[in-house]
Each structure stands twice: as C-alpha cells, then as structure tokens.
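The values are calculated or read from the model by the stated rules, or taken from the named source; none is laboratory data. Everything numeric here is computed off the predicted structure, so don't read it as measured data. So basically every Cβ, Gly included, is an ideal-geometry build from the backbone, and we count neighbours across all protein chains shown.
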Amino acid sequence: MEQAWQPQPQGVITEDYQCNLALLQKAARARESEDVQIHEFLLLGHPAALIYIDGMVNSEQLQQFLLEPALHAPALPENTDLAEHLMQAVLPLGSVSQVFHLSPLLTRIFSGDAALICDTMNGALAADLKGFVRRIPGKPVNETVVVGPHEGFNESLRDNVVLIRRLMRTPALISEAMTVGNKIPARICLLYLDGIARQENVEEIRRRIRGCNVDYVSSLGMLEQLIEDKPWSLLPQAASTERPDRAVSFLSEGQIIILMENAPRALALPMGFLHLYHAPDDTNMRWQYGTFLRLLRMAGMLIALLLPALFVALSMFHPEGMSLSLLTSVLETQARVPLSLFSSMLLVLLIFSLINEAGVRVPGAMGGSLSIVSGLILGQAAVEADLFSPLVIIIVAVSGLGSYAVPSFSLTLSLRLAQLLLVLASGIGGYLGLTLGLFFLLIRAAGLTSLRSPYFAPNAPKRPSNPDGVVRLPVWRQRLRGGIANPFHMNRTLGRMRAWEKNEEEP
Amino acid sequence: MNHSSPLETATPVHSMDALLQYRKDAFAREQGILSAVSILGQSVIGAALYLYGHVSTPGYLSILLTVPWALLIAALSLYLIRHAKDGAVLEAAGKTPGKIFSLMLFPVFFLDAQLAAYAISAILSDALPRFSPLITMLAVALIMAAAMGGENEYALPRLAGMLRWPLLIALFYCGLTALPHGSPGYLFPLLGRGTLSIFQGALWMGGCTAGACCPLLIPSPSPSLSPFQKKGRMLYRPLLGALLAAALYALISACLLPAYSLARPENLGFRLLLFTKISGSSLAWSLLVFAQLFLLLLTLAAGIMRCAHLLTGIAEKRKPSPLLTGALLLLLVPAAALKTLPVQDALIRLAPFRGAAVMLVLIPLCILTWIRERRKQA
C-alpha cells in the first residue's frame, strides 16, 4: 500500500542540543534548501542555534532583537528556567513563545518566524520576526467604485485583518486563527461580529474547515469549493470581495468573513443571490441613483441570459412571434450566410468568450491592440465576408454588455454558461427547449443554499428584510440586518434613524 | 413598532420566537402559493379541455361557482392542520388509516399531473409539429426529473413564489392585448348553454381544483417548520386569488371568440394558445407561450411532488427519492403523448371524481380527529 506523504516529521524538542539540532537540520532539509539558515553561537556559555528562512525574516530585527540581546545576555539566576529567563529578561520582543513539538515549530519557521534552540533549554523559542516582501494595499482591481473608498486587500493575512479592524474598531470583532490542509497547513482567519453573527453559523464553518481532508489548500477559491453547500451548482455560494469596506458591511449583517494567507480577497458566508447583484457603491449613493442602477443591472442580467436564446428560438422555430419587418431582416441577412443561425450564434458566443478570456490574459500594454483586432477588425470583416449575420453580432454584443453590468465576476461566468445552455436548448426545441432549460436552471437555483440559508431569501422564502433587494429604498428605512445570515440581533436600531427630525423646532 | 407602509422596513422582528413564527408563516405561504399556481394551471387546462366545449362562454361563472367548494376543502384541511401533531396531518386518525387516506389521495394528485402533462403535450404538438410527441414528452419528463431530483424539496414552492407575479402579469398582458380584437357581444347569450351546463361545469371544475386546495396535508420536509401557521389567510387568500384570476382568464377568453368556435373538441393546443391566435402583438405571443408552459410545468411538478410525498409518507421515509420522482414522471409520458380522443375523453370523465376522493378523505379524517379531541377533553 502507498504510504501517505509526511512533509512535516513528528518529534519533540528536548534539552539535548545536539539531538535537537540534528532533528531540525534533517526536518527542515537544511542541507538541500539553501535558504534554510542555521546560525550557531554561544548563549550564556551554552551552544545555541538560530534557525530561520533567509528572506522571510526581517534581518535587521533578527540582529537587533534576537541575536545581539542573546549574545549579551545577563547571567542566568539560580533556580530559573532558561527559556523563561530569555523570554522575560533577555529578548525585547512581544511575540516570543515556547514550542515543544517539531511540527508546529517547523510551521512557524516556514511562516517567517525565527527559532532559537539552546543546550539545556527545554523546547525551542519561536519569535515573530516576519519580514518578507508584500504588496502595499492598493486599489481593488475588480471591484472599482465611483463613490466610496479605493482601498483593497493585499496578499498578507495580517494586513487584511488590520484593514478590517481599522474600519470596525470594536472588541466584538473576533478574529479567529485556523489552518487548513493536513500536510502543509495554510493559515486562514475567521472574522465575525460577536453577538451579531449566529454561533451556529460560526461553528458550522469551523466544522467544514476542520473537515477539509486535503494535503494543501493553495487558494481561497479552492477553500470555497471545499466548504460550499452544493459544489455541483453553477452559482457561487460564498460572496467574494476585494474591498475591506464591503467585508465590514457583510460583518455588520451577521455574516462571517474568511481571510486566507496569500489571498487578496475575503469570502463572506452565508450569502444570497442579492449579494451578487448589489454593487459596493449602491449604499454610498442616494437611494434614487442606487435603485436606477440596480434596475439597469437587472435588465442587463436578463438580456445576457435570455436574448441570444430568444433570438434563436424565434428565428428558427416560431417566426410567427416576430414582427414582419424583423423577420424580413433576419431572413435577408441569414440568406447570405453559409452557417445556420443556431451554429452562428453558438460560434459568435464562443468567440466572444474567447475574446474575454484573451483580454484577461493578455499583458496590459497589448489590451488596446486586442480590442481593436477583436472588436473592430474581426467583427467588421466577418460581416463583410458574409460569415455571420450582423444581427447575430449585434445580439451577442448587447448580451455581452448586459453581462458586463453584473458586479460579480462569478455571476458573469455563471450567466455566460447558462446563456450557452439556453441557446443550445432553444436551438433544439424552440420555446419548449428554452422554457425547460430555464425551468431546470431556476428550480435548481431556488433549491440552493449557502451555509444552509436559502439562496433567494428574503424573497423566496420570505424573510425579515429591509427594502434593499432588487430596488433600494432610503438607508434610513433600513432598520434591520440582512435576514439571510439569521443574525442574533436583527434590529440595527429600535426607533427612527433620523431621530433629529422628531425634535426639530420651527425656526 | 408598526411598519405598515410598503416603503418602510418590511418586518418588525425582535425575538427568536417571532423569527421562527415568521419562517413557519413563510413556509405555509409558499405552500399556499404553489397550491394557487396549481389551481390556476388546472383551471386553464379545465377551461380549454371542458368549459369551452361543454359550457361555452359562461365558463367564468362555473369557475366562480367552485369558490365555496374550494373554501370548504380548505376549511376542512385547516381544521386538520390545527389538530395535527408535527405536521403529520394524514396520521391524525392513526397510522394505518393515515396510509389508507394517503393511498386514496394519490390518484387525485397523479391525475392533476397527468392533465398538466397532457396539456403540455398538446401545446407542443401545436407549436412544434415536426417533433414526435413521445420524444418531446420523454425529454420533458427526464429534464423535470433532473430538475426536481436531489435534496430539493423546498425549491418548487420557492420557484412558484418567485414566478407568481411574472406569470400573472404575462397572462393578463396577453389577454389585454388580445381584448381589442374581441367583442363583448360574444358573451351573449349570457347563460351560454343554460344554467344546467354552468352547474355541470362548476362540478367538473370543482373536481379539477380539489386536489390543489389541500396543500398543507402534505407533511413538512423540516420538522422545525411544523406545526403550520394556524391562521387561515395563508391558505384562503392565494386560493381565492387563483380562482378569481382563473375566472377572469375564462371571461377574457369568452370575449375573444364567438361561442361556436370554442366548441371544437379536438384541438386542445389551439385553445390553450387562444390569445396568441388573436393578439397581433409578437411580444404577447412569446409571453403567453412562456407563461402557459411555465404554469403547466409548475402544475405538473406540484402534482408529482405531492404524489412523491404521499408515497414517501406511506413508506415512512422522510424525503422522496429522486428515483421515485423520475419514475412517476415517466409514468405520465404514454398517456400524455397519445393525444387521441379516447384518452382525452377518459381524462374528462375521471377529472370530476377527484373532488369526491378528496372529500372521502377529508370528512372521515375530520370526524375521527373531532372524536379524538372530544375523548381527550373528556
């Protein structure tokens, strides 16, 4: 039988220096890995060693706060434990702790901490001296807003927690450290608002994360797929955001945030369909503007989902459903094209998806050239060469515009896949195919849950809610927290939000 | 704090108990809406299958006459719900009688589904004449089985809840766009073929909508949602709304065509898509086909879901298996695909008996429950 891979050997750090050194050298692969540094020196007359990863620790801090104080350490008082003496009287560091087992020590070393072992000292001391390169929090790339802050998460877990805590300065904000992956653990952080987030939800997320039986979780996206309710569904079941302000808004609704090392975004659970449909700056705007934009987005979504399939069904199966002028135009343009309308539509939709994918992958400087080649030259040439009907290109372009109006990238992709499915269905069975395809997608979506909360709440099923759904009404009417997370305290406020109005006197 | 304005926060919820009650209400409301959608679907089928041919223009009066009958069924259902333990309404009289009652209700819901499947097949033959009805119905059954399978017991009522307004708006938009092409003169003579035919129509429609009037007899999929909401409005409101909408639909139909053109018995597809033949609007045409198909698919799914729940209850299991749903859907295919007059006649003859079957379950169950209550009090 194949042996399970054990990247982190098990063992105990004892008082025997030579034994510990040999164990660490072997376990950390110091001979094979050039960046694993072991620096031996004398500490209070005893042989000692510092073990760290070059480049992951801050060398100046290592020198200043660990090596120099250790070399000039005052003598050890009688009846005093060496480790305690070092922690209390020698090392001017707040984050030093004693570690007795090899596995956690290795995890800390490879996370950027420095480890100190010394002869006669029981266990090792691990000091947080992380100093690896990280990106300064910048503008969120995929969630730009017109009105609102322009600050996004970066790849450092600690920075991301700080970004959230800076916006939500309360001890009720709990940040709980966890790891996922049973061979190479990855650090994650669970954030929730104590007293608002439902403990059953927090416990359920903990249970799912602990239950991930996988060697290594490389990204937040992978974790999302491991913990979501229905992994076969087309729709995402966790809201993703690059913006700390949006993460804070999720927290205040009673949702739970998951952050992960090396992930410049946060996941919020549970979530509903409306979270994919709402844009971050909706709340920042006056309610009339927000409502108008939401209605535009809804129209965009419907156009993206249905327009190509409707066009195929009408043109191929039910011409009686078209006006005479449109039907004439369809037939005239289609007569010059060698492909059937169904094949043309599928092909143009695939080319459109290809352009999108190429647009994402192409280096920034070439983006302009790509849009000129794909949009102008290719489209124009295809129509002039009678390869595709101009109507098909117009329909695909309009549906593409509709999908770009959707704020969530996951939802855009879901819409694009559903759009292809519906075009296929309507190409096979006209309106029947389209209706059946839509029925299938809708009933699967209606049964969807996120952390066991219904996906289409507060509309289906009905849940306590604010007037903040498909349309958005004034912020001062929104006295409740979102019902989907089933928050512990439902009310944001008990009374008028514009309380000053009540006491206002006539001038 | 009372938030009565629609512009204000929708729900005053201050405690966990209130929240739980809210969920129970929402569940009951969803079941009521699914029931209403089924009633509307059955009424639309009934109007095209029976009322147009046998009652003629005053079909809407027949539908209105079913209102007291539907309310009686709903009242009896509500009585049972109020005295049921953990939502197991059919077991209120004991385990074995409960199973017998379930078996008696099964053909009612199966016939509901069969009628819906037959109507879908008729529309398909009219709209897609080049496809074999057997193949199309098989495809419908398989796709519906895939859609309804899995742990999806809440999905159908939720979908009905989401689609109720778009469906109603689409149907009446089509009716209104077709109305200028009709004439109020077509309504005359007002009593059509006479009062007897109107009452016969009411009896037929009463049977047709009977099954859909008692949705809460089906056990809740989650014990936390039982016992159901005890207020009757969750049941009565959607039921009345559906019957009034169905009557309005029949009235608009009657205004659109002269009585003699409604008498053609064989072409159900034509009569189901009646508005589209008259309305000049291409948007109305598309909307109506979509709305009809969605309404019929929901009606079919509701019938099958209830059949599956009844059989699951008899087998003392909690959730219907996807295989059972699939098998029930496939059972509908042969009769739906055979659009012959004998099949249509058989469906027309069987449909009114559903009312009797529902009453045969409800009345003894209510009596048994009442006796049990009296004994308990004594």
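Taking B:Glu316 and the conditions (1) assigned to a loop (DSSP other than H, G, I, E, B); (2) closer than 28 Å to B:Ile33 by Cβ; (3) of a type outside the set (A, V, I, L, M); (4) out of contact with any helix residue (DSSP H, G or I) (no Cβ under 8 Å at 6 or more places or on another chain), which numbered condition does it fall short on, given that it satisfies the others?
Result: B:Glu316 passes all but (2).
Report, by residue number, each residue of segment A:452-494 that is farther than 22 Å from A:Ala238 by Cβ, part of a strand (DSSP E or B) and in contact (Cβ under 8 Å) with a residue 24 or more places away in the chain.
From segment A:452-494, those farther than 22 Å from A:Ala238 by Cβ are A:462, A:464, A:467, A:471-480, A:489-494; that's our starting set.
In the following step, the residues that additionally are part of a strand (DSSP E or B) were identified as A:472, A:480, A:491.
Residue satisfying the conditions is A:Arg472 alone.
Is one or more of the residues making up segment A:355-362 modelled with pLDDT under 95, polar (S, T, N, Q), surrounded by fewer than 19 Cβ atoms within 10 Å (Cβ to Cβ) and assigned by TED's automatic domain parsing to the domain that holds A:Leu310?
Restricting attention to segment A:355-362, the residues satisfying the condition of being modelled with pLDDT under 95 are A:355-362.
Now narrow it down to the ones that are polar (S, T, N, Q): A:356.
The next check asks that each one be surrounded by fewer than 19 Cβ atoms within 10 Å (Cβ to Cβ); those that pass are A:356.
Narrowing further to those that are assigned by TED's automatic domain parsing to the domain that holds A:Leu310: A:356.
Yes, that holds for at least one residue.
Hey, does segment A:194-211 have a residue that's in a helix (DSSP H, G or I), surrounded by 18 or more Cβ atoms within 10 Å (Cβ to Cβ) and out of contact with any Leu (no Cβ under 9 Å at 6 or more places or on another chain)?
So far as segment A:194-211 goes, no, none of its residues is in a helix (DSSP H, G or I), surrounded by 18 or more Cβ atoms within 10 Å (Cβ to Cβ) and out of contact with any Leu (no Cβ under 9 Å at 6 or more places or on another chain).
If we scan segment A:404-422, do we find a residue that is modelled with pLDDT of 85 or more and within 11 Å of another protein chain (Cβ to nearest Cβ)? Quick ask: steps written out before the conclusion?
Looking only at segment A:404-422, we keep the residues that are modelled with pLDDT of 85 or more, and these are A:404-422.
So of that shortlist, the ones also within 11 Å of another protein chain (Cβ to nearest Cβ) come out as none.
Taking every residue of segment A:404-422 in turn, none turns out to be modelled with pLDDT of 85 or more and within 11 Å of another protein chain (Cβ to nearest Cβ).
Residues to consider are A:Ile351, A:Ile372, A:Ile395; find the one that is modelled with pLDDT under 85 and assigned to a helix (DSSP H, G or I). Let's see the steps before the verdict.
Numbers: A:Ile351 fails: modelled with pLDDT under 85; A:Ile395 fails: modelled with pLDDT under 85.
Residue meeting the stated conditions: A:Ile372.
Name the one entry in B:Lys317, B:Lys339 that is modelled with pLDDT under 85 and over 30 Å from A:Gly321 (Cβ atoms). Write out each step before concluding.
Working: B:Lys339 fails: over 30 Å from A:Gly321 (Cβ atoms).
After ruling out the rest, the residue left standing is B:Lys317.
So, B:Ala127, is that one more than 13 Å from B:Arg306 (Cβ to Cβ) and modelled with pLDDT under 80 or not?
Working: more than 13 Å from B:Arg306 (Cβ to Cβ): yes; modelled with pLDDT under 80: yes.
Against the criterion (more than 13 Å from B:Arg306 (Cβ to Cβ) and modelled with pLDDT under 80), B:Ala127 qualifies.
Give just the number: which of (1) buried (at least 16 other Cβ atoms within 10 Å of the Cβ); (2) more than 18 Å from the chain's Cα centre (by Cα); (3) not assigned by TED's automatic domain parsing to the domain that holds A:Ser218 does A:Pro137 not satisfy?
It fails just one condition, (2).
Restricting to segment B:347-358, name every residue that is assigned to a helix (DSSP H, G or I) and either in contact with a strand residue (DSSP E or B) (Cβ under 8 Å, 6 or more places away or on another chain) or over 19 Å from B:Cys307 (Cβ atoms) (or both). Write out each step before concluding.
Taking segment B:347-358 as the starting set, the residues that turn out to be assigned to a helix (DSSP H, G or I) are B:347-350, B:353-358.
Those that are assigned to a helix (DSSP H, G or I) and either in contact with a strand residue (DSSP E or B) (Cβ under 8 Å, 6 or more places away or on another chain) or over 19 Å from B:Cys307 (Cβ atoms) (or both): B:Ile348, B:Arg349.
Residue pairs, Cβ under 9 Å, 6 or more apart or interchain, first in segment A:437-451 and more than 8 Å from chain B (Cβ to nearest Cβ), second acidic (Asp, Glu) and in a helix (DSSP H, G or I). List them.
Correct list of pairs: A:Leu451/A:Glu204.
For segment A:323-365, give me the residue count where each residue is within 14 Å of chain B (Cβ to nearest Cβ) and within 44 Å of the chain's Cα centre (by Cα).
Residues of segment A:323-365 within 14 Å of chain B (Cβ to nearest Cβ): A:323-330.
In the following step, the residues that additionally are within 44 Å of the chain's Cα centre (by Cα) were identified as A:330.
Total satisfying the criteria: 1.
Do any strands (runs of 3 or more DSSP E) lying entirely in segment A:76-192 carry at least 2 residues that are hydroxyl-bearing (Ser, Thr, Tyr), and which ones are they? Full working, then the answer.
Details: elements: A:96-99, A:114-118, A:124-127, A:173-180.
Answer list for segment A:76-192: A:173-180.
Considering only segment A:369-388, I want to know if a residue exists there that is touching a Leu at 6+ places or on another chain (Cβ under 7 Å) and surrounded by 12 or more Cβ atoms within 10 Å (Cβ to Cβ).
Of all residues in segment A:369-388, those touching a Leu at 6+ places or on another chain (Cβ under 7 Å) come to none.
No, segment A:369-388 contains no residue that is touching a Leu at 6+ places or on another chain (Cβ under 7 Å) and surrounded by 12 or more Cβ atoms within 10 Å (Cβ to Cβ).
Is it the case that A:Gly495 is over 28 Å from the mean Cα position of the chain (by Cα), at the interface with another protein chain (Cβ under 10 Å from one of its Cβ atoms) and either closer than 15 Å to A:Gly272 by Cα or small (Gly, Ala, Ser) (or both)?
Details: over 28 Å from the mean Cα position of the chain (by Cα): yes; at the interface with another protein chain (Cβ under 10 Å from one of its Cβ atoms): yes; either closer than 15 Å to A:Gly272 by Cα or small (Gly, Ala, Ser) (or both): yes.
Criteria met by A:Gly495.
All but one of (1) within 14 Å of another protein chain (Cβ to nearest Cβ); (2) of a type in the set (Lys, Arg); (3) under 27 Å from B:Arg29 (Cβ atoms) hold for B:Arg82, so report the exception by its number.
(1)
Does B:Gly161 fit the bill of being within 17 Å of the chain's Cα centre (by Cα) and more than 18 Å from A:Thr435 (Cβ to Cβ)?
Details: within 17 Å of the chain's Cα centre (by Cα): yes; more than 18 Å from A:Thr435 (Cβ to Cβ): yes.
When the stated conditions are applied, B:Gly161 passes them.
Name, by its number, the condition in (1) crowded, with 22+ Cβ neighbours inside 10 Å; (2) modelled with pLDDT of 90 or more that does not hold for A:Pro464.
Answer for A:Pro464: the failing condition is (2).
Since A:His39 meets every condition but one in (1) outside any strand (DSSP E or B); (2) surrounded by fewer than 20 Cβ atoms within 10 Å (Cβ to Cβ), which condition does it not meet?
For A:His39, the failing item is (1).
Restricting attention to segment B:115-134, which residues are more than 10 Å from every other protein chain (Cβ to nearest Cβ), of a type outside the set (Gly, Ala, Ser) and either in contact with a Pro (Cβ under 7 Å, 6 or more places away or on another chain) or in a helix (DSSP H, G or I) (or both)?
Going through segment B:115-134, the residues more than 10 Å from every other protein chain (Cβ to nearest Cβ) turn out to be B:115-119, B:121-122, B:125-126, B:129, B:132-134.
Add one more test, that the residue is of a type outside the set (Gly, Ala, Ser), and what stays is B:115, B:118, B:126, B:129, B:133-134.
Within segment B:115-134, B:Leu115, B:Tyr118, B:Asp126, B:Pro133, B:Leu134 meet the criteria.
Considering segment B:149-166 alone, what residues qualify as being within 7 Å of another protein chain (Cβ to nearest Cβ), in contact with a Gly (Cβ under 9 Å, 6 or more places away or on another chain) and either among the charged types (D, E, K, R) or assigned to a helix (DSSP H, G or I) (or both)? Break it down stepwise before answering.
Of segment B:149-166, the ones within 7 Å of another protein chain (Cβ to nearest Cβ) are B:152, B:154-156, B:158-159, B:161-162.
Still in the running and in contact with a Gly (Cβ under 9 Å, 6 or more places away or on another chain): B:152, B:154-156, B:158-159.
Result: B:Ala155, B:Leu156, B:Arg158, B:Leu159.
Only one residue in A:Leu432, A:Leu421 is without any contact (Cβ under 8 Å) to a residue 24 or more places away in the chain, in a helix (DSSP H, G or I) and crowded, with 23+ Cβ neighbours inside 10 Å, so which one is that? Write out each step before concluding.
Working: A:Leu421 fails: crowded, with 23+ Cβ neighbours inside 10 Å.
So the residue among A:Leu432, A:Leu421 that is without any contact (Cβ under 8 Å) to a residue 24 or more places away in the chain, in a helix (DSSP H, G or I) and crowded, with 23+ Cβ neighbours inside 10 Å is A:Leu432.
Identify the single condition in (1) in a helix (DSSP H, G or I); (2) away from every other protein chain (no Cβ under 14 Å) that B:Leu190 does not satisfy, given that it satisfies every other one.
(1)
Can we say B:Leu324 is touching a residue at least 40 places away in the same chain (Cβ under 8 Å) and aliphatic (A, V, I, L, M)? Explain how you work it out, then say what you get.
Working: touching a residue at least 40 places away in the same chain (Cβ under 8 Å): no; aliphatic (A, V, I, L, M): yes.
Judged against the criteria, B:Leu324 is not a match.
Would you confirm whether any residue within segment A:324-340 is touching a residue at least 60 places away in the same chain (Cβ under 8 Å) and within 20 Å of A:Phe311 (Cβ to Cβ)?
Going residue by residue through segment A:324-340, those that are touching a residue at least 60 places away in the same chain (Cβ under 8 Å) are A:329-330.
Pick out the ones that are also within 20 Å of A:Phe311 (Cβ to Cβ) and you get A:329-330.
Yes.
Within segment A:376-391, can one find any residue that is under 27 Å from A:Thr333 (Cα atoms) and in contact (Cβ under 8 Å) with a residue 60 or more places away in the chain? Reasoning before the result, please.
The first filter runs over segment A:376-391 and keeps only residues under 27 Å from A:Thr333 (Cα atoms), leaving A:376-391.
Checking which are in contact (Cβ under 8 Å) with a residue 60 or more places away in the chain leaves us with A:391.
Yes, segment A:376-391 contains at least one residue that is under 27 Å from A:Thr333 (Cα atoms) and in contact (Cβ under 8 Å) with a residue 60 or more places away in the chain.
Of (1) within 11 Å of another protein chain (Cβ to nearest Cβ); (2) surrounded by fewer than 21 Cβ atoms within 10 Å (Cβ to Cβ), A:Pro458 satisfies all except one. Which?
Just one mismatch for A:Pro458, condition (2).
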